[in-house]
Amino acid sequence: MENLKEKTARSIAWGAVNNGATQVLNLVFGIVLARQLSETDYGLVALLTIFTALAGCIQAAGFSQALANLRPPTHSDYNAVFWFNVMAGVSMYILLFFSAPLIAGFFRQPELTAVSRLVFLTIPISAMGIVPNAKLWIEMRNREMAITAIISLLFSGATGIWLAYHGYAYWSLAWQQVVFISVGNVLRYFFTRWHPTFPIDLSPIRKMLGFSSKMLLTNMLTVASQNVQTFIFGRLLPIGVVGQFNQANKWNTMGHSFISGTMAQVAQPVLTNVGDDDNRRLLVLRKMLRFTAFVSFPLMLGLALVAREFIVITISDKWLPCVPLLQILCIGGAFVPLQVLMQNYIISRGRSDIHLYLVSLQIVLQVLLTLSLAPLGITAMVTAFSALNVVFLAVWYAALRRLQPLKLTDLLRDIVPFLAVAAAVMAATCYATGWIESLWPLLIARILLAAILYFIAMHLLHAAIMKECLQFIFNKDGRQKT
């Protein structure tokens, strides 16, 4: 049988390829579309995100995670989840279709009625792809997941750009979403060779309901926490300001989701397969924490460092107001992958109830902070949101500590050195390049200098995780030694 370490390393590598390639493609298509479209176009479509995401959670109902915890899931399990998802997805679309005028009225944007009915089509379409996607995820077939994501992005991005250049404005963003999900579904079924069958038997749902119901509420609250600011801003602020925030949040999310997405693809399956050996679980968890911190802090703090040059060069100075928002979000975003890893560990131990309680607390605090600071403006609200992401890492650790004897000193030893080095490197780079005025030379100099300084610092500190990464990349035999 394939060694679990080897399989995990290969899965992380393909997860990195998946997330890296998708982020690059999102970057390219995002730059082209942002230059062609206006703040209003982005703001309008951003207002619908919370509705489609919440509806997607309801239709999926947490069954992907529930299937992963079955050892192993059967065709009957997959089939029951498929039909449940489809029925829930169609029901959600009908409800939202007739609610479209009310949504448009709430945000005082009449255009939302028509465009929302198109965007909401993604809900029943994505419902049909949840099971094959879960099957690929559970089997850790990250290669196929990477190919699916890349091809889907190519088709959807090309569609969005073509429509944008032909004057379809916000419709280009709406059709981009529909095409992305549709193409992805076709490829998932092609790779899994799985198909639903009759008769429809929903009885397997019962054995997953206890776990999945908690995951459903948790996923809904997670989505709400990720989109609550856009929702509140859409009601309180001009649509152009919402568009600027959406642009900043998009780049921030692309940055931290590269790491958290890579780890999320393997964390729960790996931790579930480790078994009940606490010592082995602890070793796996700590290595994942070190790898996450090693990548997340320099990437996100580096993005904050080059935010102004990056935004102006790529999507033009009309988006300059989003730069300070992006810089603030990146600081909190650096801690998000660590939170996601801890969440996956808690879920892998079957404690979706703890996950639910903490996500509920986090979103309540986000709403209270955002509303209480609304009179001070968008910068104050975004700063509070980012600070909460940093502070809440301690709450997730406290919950994880109940399930796994991870000492606080060990946690700090695993993550603080990478944070300190990354912060010092970015400060030194900012000081050393402050005299450069031209944007292109400044961007290139900061990226190269920061990367070199971080590599040198890690080498001088004898960072084992960097050595292991280099071994995996350049020497296949090194994989067996990690």
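The values are calculated or read from the model by the stated rules, or taken from the named source; none is laboratory data. The model shown is predicted, which means the values in this text are computed figures rather than measured ones. Note that we place each Cβ from the backbone using ideal geometry, even for glycine, and neighbour counts take in every protein chain shown. Heavy atoms of the whole protein, side chains included, go into the accessibility calculation; ligands, DNA and RNA do not. Shrake-Rupley method; radii C 1.70, N 1.55, O 1.52, S 1.80 Å.
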Checklist entry - What residues from the range 73-99 fall in the zone where the backbone N is under 12 Å from a label point 7 Å along the Cα-to-C-beta line of W194? => result 73-83
Checklist entry - Applying 1/(1 + (r/R0)^6) with R0 = 56 Å to the Cβ-Cβ distance of S76 and A432, what FRET efficiency is obtained, to the nearest 0.05? => result 0.35
Next on the checklist: Using a 10 angstrom Cβ neighbour count of at most 10 plus a DSSP loop assignment to flag exposed trypsin sites (Lys or Arg not before Pro), which longest range of the chain is free of such sites?
Outcome noted: 194-406
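Could you work out the Rg to Rh ratio of the range 321-422, with Rh taken as the Kirkwood radius (inverse of the mean 1/r over all Cα pairs)? Write out the running numbers ahead of the final one.
Values: Rg = 15.1 Å, Rh = 14.9 Å.
My calculation of the ratio gives 1.02.
Give the accessible surface of the chain per residue, rounded to a whole number of Å², with probe radius 1.4 Å and ligands, DNA and RNA excluded. It would help to have the intermediate numbers written out before the result.
On the way: 20640 Å² over 482 residues.
I get 43 Å² per residue for this part.
Quote to one decimal, in nm, the extra length available between T113 and L439 on full extension: 0.36 nm per residue of separation minus the C-alpha distance between them. Let's see the in-between values first.
Numbers: separation 326, 0.36 × 326 = 117.36 nm, distance 4.11 nm.
Result: 113.2 nm gained on full extension.
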Next on the checklist: 7 Å from Cα along Cα→Cβ at both R402 and Y168: what's the point-to-point distance in nm?
Outcome noted: 4.9 nm
Next on the checklist: Rounded to two decimals, what is the ratio between the C-alpha radius of gyration of the chain and 2.2 N^0.38 Å?
Outcome noted: 0.96
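Expressed in nm to one decimal, what extension gain is obtained for the pair I31 and A424 from 0.36 nm per residue of sequence separation less their Cα-Cα distance? Can you show the working numbers first?
Numbers: separation 393, 0.36 × 393 = 141.48 nm, distance 2.99 nm.
Working it through step by step, the gained length comes to 138.5 nm.
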Checklist entry - Where the accessible area of the chain is counted over protein heavy atoms with a 1.4 Å probe, how much of it, in %, is carbon and sulfur? => result 69 percent
Next on the checklist: Give me the three principal axis extents of the range 133-221 from the C-alpha atoms, as integers in angstrom, largest value leading.
Outcome noted: 51, 31, 27
Checklist entry - How big is the charge dipole of the chain about its Cα centre, in debye rounded to the nearest 20, if each Lys and Arg gets +1 on its Cβ and each Asp and Glu gets -1 on its Cβ? => result 900 debye
Next on the checklist: Given points 7 Å out from each Cα along the Cα-Cβ axis, report the F98 to L361 separation in nanometres with one decimal.
Outcome noted: 4.0 nm
Checklist outcome for this item: Subtracting the Cα-Cα distance of L449 and D410 from 0.36 nm times their residue separation yields 11.0 nm
Next on the checklist: List the residue ranges in the chain for DSSP H helices whose C-alpha atoms run 20 angstrom or more along the long axis and whose Kyte-Doolittle average is 0.0 or above.
Outcome noted: 4-36, 75-107, 142-165, 170-192, 204-236, 239-274, 278-305, 352-372, 378-403, 408-433, 439-460
Next on the checklist: Can you compute the FRET efficiency between S38 and T379 using 1/(1 + (r/R0)^6), with r the Cβ-Cβ distance and R0 = 30 Å? Round to the nearest 0.05.
Outcome noted: 0.85
